[in-house]
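*Asks:* First the structure, which I've put down as structure tokens, then a few questions once you've had a look.
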Amino acid sequence: MSHLERTLVLDADAIRAYSRRGNYHSDPEAAAALGLPGLVAQGVHVAGPAYGALVDAWGEGFVTGGELDVRFVGLVLAGDTVVARVEDRGDAAAIEVVDVTAGQHRRRRHRPPARPGEPAVTVPRAPHPWNESFTWADHPGPFSTVTAAQARQFDELGFFVVEDAFDAATVAALDREIAPGEAAVRSFLERQESGRFGVAGVDTQTVAPHLVTRSEVLARFCAHPLLTGICADLVGPDVRLYWEQAVYKQPHGAEPVLWHQDNGYTFVEPQAYLTCWVAITDATPENGCVEVVPGAHRDGTLVHRDTPIGFECWGDEAAAVPVPVRAGSVVVFSSLTPHRTGRNRTDTVRKAYIVQYAPDGAVAYRPGPDGARGPAEPQDDARRQFPVLRAGVPCVPGPDAPARPGPA
Ligand SMILES: O=C(O)CCC(=O)C(=O)O
């Protein structure tokens with residue numbers, strides 16, 4: 001058995017050599033050109049080039065066909081430099097990446113750290129310019145689904161948890177239905193030179209929106225009686241699905257999701273709509289559970305700044321409350337609740353399906369070319385913003401579905 005240690009710059013060819021998309025095997029010719037001849041991995045499932053390549057968690061049991069065992073540490077992107085130890089085992093071989101140095105492109109995208117003595121850049125706790133006269137409306141009841149204590153916590157703190165709301169079979173079905181859309185987003189991200197697109201990135205999290213347009217199961221889930229019951233109690237009698245997306249935080253992710261309000265990304269009126277954050281895996285402080293600043297939702301939408309890794313508003317580390325939940329639980333919070341999620345520092349993906357509901361008739365505003373508020377944009381796209389409640393009665397998903405009880 002012999003060892004060989006090499007330093008590889010992961011340019012596009014190297015990436016292709018080790019994680020060719022589609023059939024997921026290394027390319028013998030490219031490997032030979034890199035000075036690692038004869039290494040062929042068959043059936044090795046890697047997430048694709050430029051992507052958390054060959055995550056360390058996959059180390060064991062990674063060999064298929066007995067030819068190659070590849071173990072990378074951490075997340076690797078094109079442009080990074082890796083030190084790889086190659087172990088020749090006679091009829092097999094193993095590559096272990098023992099060190100990774102981030103390439104220039106990655107460093108550029110990271111926020112420069114504050115110099116000693118220089119305060120970190122903070123965003124002021126100030127109203128969004130279009131938030132001129134917001135008043136939070138309390139929810140006095142009566143309630144069909146939430147408890148009076150949950151409603152009070154929602155009014156006072158801006159969030160509450162419904163523990164174990166969905167059983168394991170439902171959670172597994174969500175995961176299964178999300179998978180194709182998530183894979184499509186991942187593939188899109190992999191094709192970006194930086195591996196990034198806004199808040200999403202192959203080394204941070206995939207964000208897969210509008211999945212209800214692909215999956216009847218997910219559309220029905222968004223009209224689940226528990227969720228429409230929460231809507232009836234906290235949003236009103238006439239409610240539409242406003243937005244839904246899966247956020248899958250990658251193992252050993254590079255970035256957190258910064259403090260933000262959901263209404264800080266796209267300014268919706270009425271400003272207060274509802275977010276149901278459904279945990280598909282357990283969410284913990286280690287893998288990036290939701291954290292909130294309690295109470296700040298009552299001020300309405302805050303000013304946000306655009307950063308290379310997403311929007312950011314004022315947050316308060318000292319007051320932040322982590323909200324760890326088991327898979328199947330729901331964190332219910334307002335579109336006005338400042339929240340964030342930390343880096344996933346574990347070996348496994350943290351998965352969530354995020355479903356948002358707004359009163360029927362809600363509109364969105366985007367800045368025009370001069371930065372001023374553009375025209376009101378109706379939020380009633382029949383394919384993905386369908387009614388879930390009409391006059392307090394749950395609807396089945398669909399553009400013109402009559403009001404009738406939702407799915408069991
Ligand atoms: O799930 C996450 O990690 C963050 C999601 C989030 O904050 C959002 O979708 O607004």
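FYI, it's all coordinate maths here, none of it is from the lab. Every value quoted in this text rests on a predicted model; they were computed, and no experiment measured them. Neighbour counts are summed over all protein chains in view; Cβ atoms, including those assigned to glycine, are modelled from backbone coordinates with ideal geometry.
*Asks:* Fewest to most neighbouring Cβ within 10 Å: what's the order for 227, 234? Write out the running numbers ahead of the final one.
*Replies:* Working: 227 28, 234 23.
Listing 227, 234 from fewest to most nearby Cβ atoms yields 234, 227.
*Asks:* Determine the shape class of the range 148-394: with a ≥ b ≥ c the square roots of the Cα gyration tensor eigenvalues, call it rounded for a/c under 1.5, and otherwise prolate if a/b is greater than b/c, oblate otherwise. Intermediate results must be reported in sequence, preceding the final value.
*Replies:* Numbers: a/c = 1.19, a/b = 1.10, b/c = 1.08.
Here the range 148-394 falls in the rounded category.
*Asks:* With 10 angstrom as the radius, rank 133, 144 by how many other C-beta atoms surround their C-beta, starting from the fewest.
*Replies:* On the way: 133 6, 144 13.
Fewest-to-most ranking of 133, 144: 133, 144.
*Asks:* Considering the alpha-carbon set of the range 249-309 alone, what are its Rg and its Dmax in angstrom?
*Replies:* Just the Cα atoms of the range 249-309 yield Rg and Dmax of 13.4, 37 Å.
*Asks:* Also, I was wondering about something else. Between residue 377 and residue 286, what is 0.36 nm times their sequence separation minus the Cα-Cα distance? Round to one decimal in nm.
*Replies:* On the way: separation 91, 0.36 × 91 = 32.76 nm, distance 3.87 nm.
Computed gain between residue 377 and residue 286 is 28.9 nm.
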